[in-house]
Amino acid sequence: MKRVKKFKMTTTRIIVLGFLVGILLGSFLLWLPVSSKNGESISYIDALFVATTSLCVTGLSPVVTADQWSYFGQVVILFLVQFGGLGVVTFTTTVLLLLGKRITLSERMLIQEAYNLDSISGVVKLTIRIIKGTLLVEACGALLYSFVFIPEYGVLEGIWKSIFHSVSAFCNAGLDTVGSLGFIAYQTNVMINIVTMLLIIFGGIGFPVWWDVLRVGKEVIQKEILLRDAFRKMMLHTKIVLAVTATLIFGGAILIFLFEYTNPATIGNLSFGNKIMASLFESVTLRTAGFQTIPQEGLTEASSLLALLIMFIGGSPSGTAGGVKTVTMMILILSMMAAVRGDNEVTAFHRKITDNYVRRAVAVIVVSVVALLVVCMALSITENAEFLDVLFESMSAIATVGLTRGITSTLTVAGKLIIIFAMYLGRLGPITMALAFNAKHYEGKKTMAEGKVIIG
């Protein structure tokens, strides 16, 4: 008789199942009449959609958040966004710490694996630092938002909107409670634009980059190193993240500014200064944030194509953003450049990147492209919409961006289920999903005879 293998709860499986349980629980709470402003239950498919978009910090929604949800419903959404932004492992560890529970060795190993750390030393302290850092940045964001929202909505409502949007922006969720226009209503508001962009960037660059920048900054302040040497002293990961992030943000903003300069449907009617701000905001929010100050359906085809590329890349590892990640794309580009030059090694900032990382980057990119094509194909069958709108929606879901060209509210039930799956897959990552239920674990390496193939 064949022995049945024991189903081992690995870190990956815990994350996958944790998100699934969170979505189902959140959808049930949002389905309750108390969650709706009118006191009537929303359809379960819409409740499931909103729970998924909240927990997967995406931002796509078939309903207007401000019009549909009561304060109870908005609290549920905010809780899901915070949970999704921090991740299952970090959030669970935080709850255990708040309850005064001791973090066991297995739980420490869980944190280590979730954050891809080299050892379990200091993992609990790292989690505490992440929580404190998150709450501090979100509190600062809420405080700055309050200078706009309190005068406009009153003290209590203004404070609530400030907290909600600070958490939503930092977690790159893109959900707002300001009405059907969203942040388009604040297109020329400097405070809203700057605070939102900073929160999106801080959340998207990843926590390891925070600590490394703070470490180097402390050394500069203490005069252990010169300011001009600060970047050189940072980790390779930090250098890649900062370099790619800056290139995407400013390069994207310049191109959007040029492509949309005379487009009356987006920034054509704005003043020169506001055109610059709107272009910069669009470039930042495309990095999986989901807020918009210009209607996406009004973008030119050139800008739409650029938007698809930026959305696909997304944010950085160990942050709140989605996409294939900046480091992944950079490794792929560096690998391509090395192949063109005939170099045997892939290097960045005078450091070698091992073949293992290159293989992972290729795997993530290929699997993500395949997932995108499958979702886009399926959505093309179920929806009666323009191809560009369908592709944009598919990319927005897979990369957990949350921007739409106006078709989210018109999706069929089948279309909503496809987008729900895409958001879930996009937040966890196709590779994570594949590994989660793979019972086979191989030890060591298999060496085989080399074979020749022809490339190109």
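The values are calculated or read from the model by the stated rules, or taken from the named source; none is laboratory data. Note that this is a predicted model, so its numbers are computed, not measured. Every residue, glycine among them, receives a Cβ derived from its backbone with ideal geometry; neighbour counts consider all protein chains shown. Keep in mind that these areas ignore ligands, DNA and RNA; they rest on the heavy atoms of the full protein, side chains included. Shrake-Rupley method; radii C 1.70, N 1.55, O 1.52, S 1.80 Å.
Hey, how many Å between the Cα centroid of the stretch 334-409 and the Cα centroid of the stretch 263-332?
Taking the Cα centre of each part, the stretch 334-409 and the stretch 263-332 sit 15 Å apart.
How much solvent-accessible surface does His237 expose, in Å² to the nearest 10, with a 1.4 Å probe and all protein chains in place?
That residue has around 50 Å² of solvent-accessible surface.
Could you pull out the GluC sites (Glu not before Pro) across the stretch 376-420 that fall in loop regions by DSSP (anything but H, G, I, E, B) with no more than 16 other Cβ atoms inside 10 Å? Show your work: numbers first, answer last.
On the way: sites: Glu383, Glu386, Glu393; in loops: Glu383, Glu386.
Filter output for the stretch 376-420: Glu386.
Excluding residues on the same chain fewer than 8 positions from Lys37, give the aspartates and glutamates whose Cα lies under 13 Å from its Cα.
Asp67
Excluding ligands and nucleic acids, what accessible area in Å² is computed for Glu297 using a 1.4 Å probe, to the nearest 10?
100 Å²
Quote the relative contact order of the stretch 191-312 in percent (integer), defining contacts as alpha-carbon pairs under 8 Å separated by 6+ residues.
Numbers: 104 pairs, mean separation 30.2, N = 122.
Over the stretch 191-312, the number comes to 25 percent.
Sorted by mean Cβ packing within 10 Å, highest first, what order do the peptides 251-262, 198-209, 42-53 take? Mind dumping the intermediate values first?
Working: 251-262: 17.8, 198-209: 24.6, 42-53: 22.2.
For the peptides 251-262, 198-209, 42-53, the packing ranking is 198-209, 42-53, 251-262.
Between Ala265 and Thr412, what's the calculated FRET efficiency when r is the beta-carbon distance and R0 is 22 Å? Round to 0.05. Working shown, then result.
Numbers: r = 27 Å, r/R0 = 1.22.
Between Ala265 and Thr412 the formula returns 0.25.
Please report, in debye to the nearest 20, how large the charge dipole of the stretch 163-313 is about its Cα centre when each Lys and Arg carries +1 at its beta carbon and each Asp and Glu carries -1 there.
Values: 9 positive and 9 negative charges, 124 e Å.
That gives a dipole near 600 debye.
Could you tell me the accessible area of Arg427 in Å² (1.4 Å probe, neighbours in place), rounded to the nearest ten?
About 40 Å², ignoring ligands and nucleic acids.
Report the FRET efficiency, 1/(1 + (r/R0)^6), for Arg359 and Ala246, where r is their Cβ-Cβ distance and R0 is 45 Å, rounded to 0.05. All intermediate terms of the calculation are to be shown ahead of the outcome.
Values: r = 27 Å, r/R0 = 0.60.
So the FRET efficiency works out to roughly 0.95.
What spacing in nm lies between the two simple spin-label points modelled at Met448 and Cys140, each 7 Å away from Cα in the Cβ direction?
5.2 nm
Could you compute the FRET efficiency for Leu227 and Ser380, with r as their C-beta to C-beta distance and R0 at 60 Å, rounded to 0.05?
On the way: r = 53 Å, r/R0 = 0.88.
Rounded to the nearest 0.05, the efficiency is 0.70.
Could you order Val370, Val76 by accessible surface area, starting with the largest, using a probe radius of 1.4 Å? Don't jump to the answer; show the numbers that get you there.
Values: Val370 80, Val76 15 Å².
Sorted descending by solvent-accessible area, the residues read Val370, Val76.
How far apart, in nanometres, would the label points at Asp67 and Leu24 be if each is projected 7 angstrom from Cα along the Cα-to-Cβ direction?
3.3 nm
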